[in-house]
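What follows is a short report on a single structure.
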Amino acid sequence: MKCTVITNVVIFTVDRTDTLIRKGTVIVRDGLIAAVGKKEDISIPIDADEIIDGRGQMALLPGLIDSHNHSSLMRGVAEGLRLVDWLPVYDLEHRACTEEDAYHAARLSYLECLKNGTTTIMDMYRFMHRSAEAAGELGIRLHLAPYAADVQPYDFFETAKANEKLIKTHHMSQNGKIRVWMGLENLFYCSEDMYKGAIRAQQEYGVGIHTHGCEQEEEEQNIIRTFGKSSIDMLEQRGILGEKTLLAHCVWVNDDDIKKMAATGTNLAHCAISAAKLGCGVARIPLMLKEGVNVSIGSDGVIDNNSMDLFQEMKFASLIQKATNYDASVMSAKEMLRMATINGAKSLNMENEIGSIEVGKSADMILVDFFRPNLQPVFWNEEETNLLWNLVFSAKGENVDTVMVQGEILVRQGKSTKVSETEVMIMAQTQGEDWMRRREYHKKLTGLG
């Protein structure tokens, strides 16, 4: 039974009381956290296989959780467009997408996420058996929500049948690191029968449901004109609101919508940078949190975010609320870290397994080197410190030194221990260039060229 010790670190446990340990030690046995506490209170086991000494210059955090992502090789190719104009361009990517595209997109995306301190991803994409293959190579924890749709002309996405097959073949595979959800694009892309099928599969297999909603004002107005109800009302009518449902975006929701989300326990993946970049607006996160909605953080992938650095996401998500609410006190560093960790775990129905550094949980943790110019100096006043504020508002993914999932070190000194980063990037470049050529062909066919 492998034993790893991490000592001389500042531990942000993100437990119920946000316990902070200035000079701490964590013992990991067989992939689980066996002990957490002050250095002087925990003896280093004589059978320790590895001892990682943070030298008082490392912060130990729960692994970050990206609760809404779309892996892709299309970065910087659909710029300056509002969502309604961006979506037809984005669809070209999927019209041209092949299994090999999806595989190399996943490898590159997951590598970027890991190096930035993300240990768990909710990915909504295509040919997701290949995504699972890529995740297995890198060691990351992955939730698969196939990009599924059945309404013309969007039936080039995944099918409900393929989604259900993926559950049977991949759910809880790779020692539980791979989990499969029912994925639904949105109300315009998916028929009522598709929602019924998702509910049936949820009941039969015990899986979650992941979908988009209320992303842009024009989209929401079209929903109301078409269905006579808001998106949240329609999702309630179709029976998918609930604790095992994760909605992405929800920028354009009214007060009653928020109350329904809270009352049903429906989770939200908040993608602040994506919403700003696509001109969608600013979600009402402070009110959602006040009403009791569980809010986590998503990057939304590189095609509409350009980055999958959740440290950037935490900072921006906080600052945009401070600016638009004219209130510097909202969305504190502590709240942002919870959104990126334990709230993310809850949104994936895994709060008892990951999301905080507590005995019995999986050892999904990251070490952040704060002996760097952008994170210095660090001050202490007894047990109070500025370090958390520095981590949320000053840190970058490149400050991440070590990444661990289920006790296995996947990133050491900023480099992947599992794959050749050079090979991943070279293959992604070759595949991406070929994909772009095929995408341009579909662009001409659809008249977007």
Exercise. Rounded to whole Hz and in sequence order, give me ³J(HN,Hα) for the range 114-124 from the Karplus expression 6.51 cos²θ - 1.76 cosθ + 1.60, θ = phi - 60°, writing x for Gly and Pro.
Key: 4, 5, 8, x, 8, 9, 9, 10, 9, 10, 10
Quiz prompt | Cα-based Kirkwood hydrodynamic radius, the range 9-125, one decimal, Å | solution = 17.8 Å
Exercise. Mind listing the long-range amide H neighbours of R126? Cut-off is under 5 Å, sequence gap 5 or more, other chains count too, H placed in the peptide plane at 1.01 Å from N.
Key: Y147
Quiz item: For R284, R141, R372, what's the fewest-to-most ordering of other Cβ within 10 Å of each Cβ?
Solution: R372, R284, R141
Quiz item: Can you work out the base-10 log of I(q)/I(0) for the range 112-164 at q = 0.16, 0.19, 0.27 1/Å, using the Debye formula on its C-alpha atoms alone?
Solution: -0.52, -0.66, -1.01
Exercise. Would you pull out the residues with amide H under 5 Å of A35's amide H, same chain only if 5 or more places away, H placed 1.01 Å from N?
Key: I27
Quiz item: Helix 192-205 sits at what angle to the longest principal axis of the chain, using alpha carbons and giving 0 to 90 degrees rounded to 10?
Solution: 30 degrees
Quiz item: Of K115/K361; K315/K396; K115/K334, which pairs sit farther than 18 Å apart, going by alpha carbon to alpha carbon?
Solution: K115/K361; K115/K334
Quiz item: So which aspartates and glutamates can K418 reach, going by Cα to Cα under 12 Å and dropping same-chain residues fewer than 8 places off?
Solution: E137, E408
Exercise. Pop out the ³J(HN,Hα) list for the range 345-360 in order, Karplus 6.51 cos²θ - 1.76 cosθ + 1.60 with θ = phi - 60°, rounded to Hz; leave Gly and Pro as x.
Key: 4, 5, 5, 9, 6, 10, 5, 8, 10, 9, x, 8, 9, 9, 4, x
Quiz item: Considering the dipole of the chain built from charges on the beta carbon (Lys and Arg +1, Asp and Glu -1) around the Cα centre, which of N163, G24, L73 is farthest to its positive end?
Solution: G24
Exercise. Just grab the label-to-label distance for D193 and Y441, each label 7 Å out from Cα along the Cβ direction, in nm (one decimal).
Key: 3.1 nm
Self-check item: Over the range 250-294, volume per residue of the alpha carbon convex hull, in Å³
Solution: 57 Å³
Practice problem: With N set to the residue count of the range 59-137, report its C-alpha Rg divided by 2.2 N^0.38 Å to two decimal places. | Solution: 1.19
Self-check item: Lysine-lysine proximity count for the range 217-286, Cα under 18 Å, sequence distance 8 or more or distinct chains
Solution: 4
Quiz item: Exposure proxy check: H270, H171, H94 ranked by fewest other beta carbons within 10 Å?
Solution: H171, H94, H270
Quiz item: Counting other C-beta atoms within 10 Å, which of H249, H442 has the fewest, and how do the rest follow?
Solution: H442, H249
Quiz item: How many angstrom separate the Cα center of the range 86-108 from the Cα center of the range 213-233?
Solution: 26 Å
Practice problem: Hey, can you grab everything whose amide H is under 5 Å from the amide H of V411? Only 5+ residues off in sequence or another chain; H modelled, so Pro and N-termini drop out. | Solution: V403, T417
Quiz item: Rg and Dmax of the range 64-347 over Cα atoms: what are they, in angstrom?
Solution: 17.2, 50
Practice problem: May I have the pair-distance distribution P(r) for the range 216-305, computed from all Cα-Cα distances with 5 Å bins from 0 and rounded to whole percent? | Solution: 3, 15, 25, 25, 21, 11, 1
Quiz prompt | the range 1-57-the range 287-335 distance, computed between alpha-carbon centres (Å) | solution = 29 Å
Self-check item: Residue (of L142, T245, I52) at the positive-pole extreme of the chain, dipole from beta-carbon charges
Solution: I52
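Read the figures in this text as sums done on the coordinates, not as results from a lab. Computed from a predicted structure; not experimentally measured. Cβ atoms come from the backbone with ideal geometry, glycine included; neighbour counts cover every protein chain shown.
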